[in-house]
Structure formats: C-alpha cells, structure tokens
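**Student:** Got a structure here, written out as structure tokens. Questions coming.
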Amino acid sequence: MGGKQSVVERLVVVVRRGLAAGTVVVMAICGTAGCSDGSGSASDAASKAASAVQSAGAKVSSAASAAADAASSAAAVAQDKFAEIKNGVDAKDEVTLGTVSTDGEGYTVVPVTVKNTDASTKSFAVQVDYKDESGNRLDTVVVTVSDVAGNGTGQGSARSTHKLAGTAKAETARAVRY
C-alpha cells in the first residue's frame, strides 16, 4: 500500500500544477500500479489514453476554430448590411435588448426594442453581438425594425445564426436609424 500512497501523492502534485496532460499521467500511473483492466499492458493503456486525450484536444480545437470562423463571417455580413444604409444616424442609445433565451429549435434569441426619437417614420438596423462569458464573440446578427412611427417604438428579435454552446450574453454593437 505504501507504493500506491506515493502514486496518489504524485497524482495530487500533477493536478495542482494544472498540467493538461494530467489524464495521460493518471492512466500511466494507474497502469504501472496494477490498475489496468487486464486486457493489455500498462504501456498499451497509457498509449490509448494519450491517443484519446490528443483526439479530444483536436476536436475541441477544431470546434473552437469553426465557431470563431462563423462569428467572423457573421460580422462580415453585418458590415456589408450597414454599408448599404445611406444617410443613417447613430441610434445605439435608442435600443434596448431584453432577456436572452433559447428558442424551441436551440437557437439563442433576444427581443430588440427601438425608440424612434424622430418625428417622422424611420427604420432601424441593429447589430447584436452574442458573446461568451469571457467576452469572445460567438455570433453577430443584424435585425431590421422597419417603419417605426415618429416618436414611437418598434419590436424585433435577434436570433443567432447557429446554435450557441454555453451561456451567451447579448449586446448592442451598433444601431442606425434611417
């Protein structure tokens, strides 16, 4: 039992240091301590564990890259939509976002309310950015709220372009009244 005690102590040190390869170390230590399932050698178990960790890491990296690409692409589309608007005025302070939720199909949505402070009927383009808890942009949506009566309010909804993982917060990136 004394030998296994030192194995546990070494494992605690590895975890405390936060090594990403901790899973591989655990499997290797378990294999050398006689914890294998009997179907192979300790080095086979360590090799399989290392391969699984590497594969999972690659999948996480690939998913993160795809999400970043999708967010960048959505931002480019938003830029193009705003470039089409002529004679618009900044209306970011006239936009209020509601509570972020998930619709029945798994997309993230947020209600958008605009206040037309002009006396004549106007339309609004509102860019809503969805961000993760760290502030990284997950998605960008442009909502058009058309024909809002002078000194009136209008409603819209910003629905993500793809299903977002985790908790997302919404913020008004920009808005134009035209």
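The values are calculated or read from the model by the stated rules, or taken from the named source; none is laboratory data. Since this is a predicted model, take the numbers as computed values, not measurements. In this analysis, Cβ positions are derived from the backbone assuming ideal geometry, glycine residues included, and neighbour counts consider all displayed protein chains. With ligands, DNA and RNA removed, areas are computed over all heavy atoms of the protein, side chains included. Shrake-Rupley method; radii C 1.70, N 1.55, O 1.52, S 1.80 Å.
**Student:** Could you go through segment 88-96 and let me know if any residue there is under 22 Å from Arg177 (Cβ atoms) and at pLDDT below 95. Quick ask: steps written out before the conclusion?
**Tutor:** Narrowing segment 88-96 to residues under 22 Å from Arg177 (Cβ atoms): 88-96.
Filter again for at pLDDT below 95, leaving 88.
Yes, that holds for at least one residue.
**Student:** Further question: Residue check: is Arg177 buried (at least 19 other Cβ atoms within 10 Å of the Cβ) and basic (Lys, Arg)? Talk me through it step by step, then tell me what you get.
**Tutor:** Numbers: buried (at least 19 other Cβ atoms within 10 Å of the Cβ): yes; basic (Lys, Arg): yes.
Considered against the rule, which asks whether it is buried (at least 19 other Cβ atoms within 10 Å of the Cβ) and basic (Lys, Arg), Arg177 comes out as yes.
**Student:** Also, I was wondering about something else. Which ones in segment 144-174 are open to solvent by less than 80 Å² (accessible area, probe 1.4 Å), under 18 Å from Asp132 (Cα atoms) and not aliphatic (A, V, I, L, M)?
**Tutor:** Ser160, His162, Gly166, Glu171, Thr172
**Student:** Could you check how many residues of segment 119-142 are closer than 20 Å to Glu94 by Cβ and crowded, with 19+ Cβ neighbours inside 10 Å?
**Tutor:** From segment 119-142, those closer than 20 Å to Glu94 by Cβ are 119-129, 140-142; that's our starting set.
Among the residues that remain, those that are also crowded, with 19+ Cβ neighbours inside 10 Å are: 122, 124-129, 140-142.
Count: 10.
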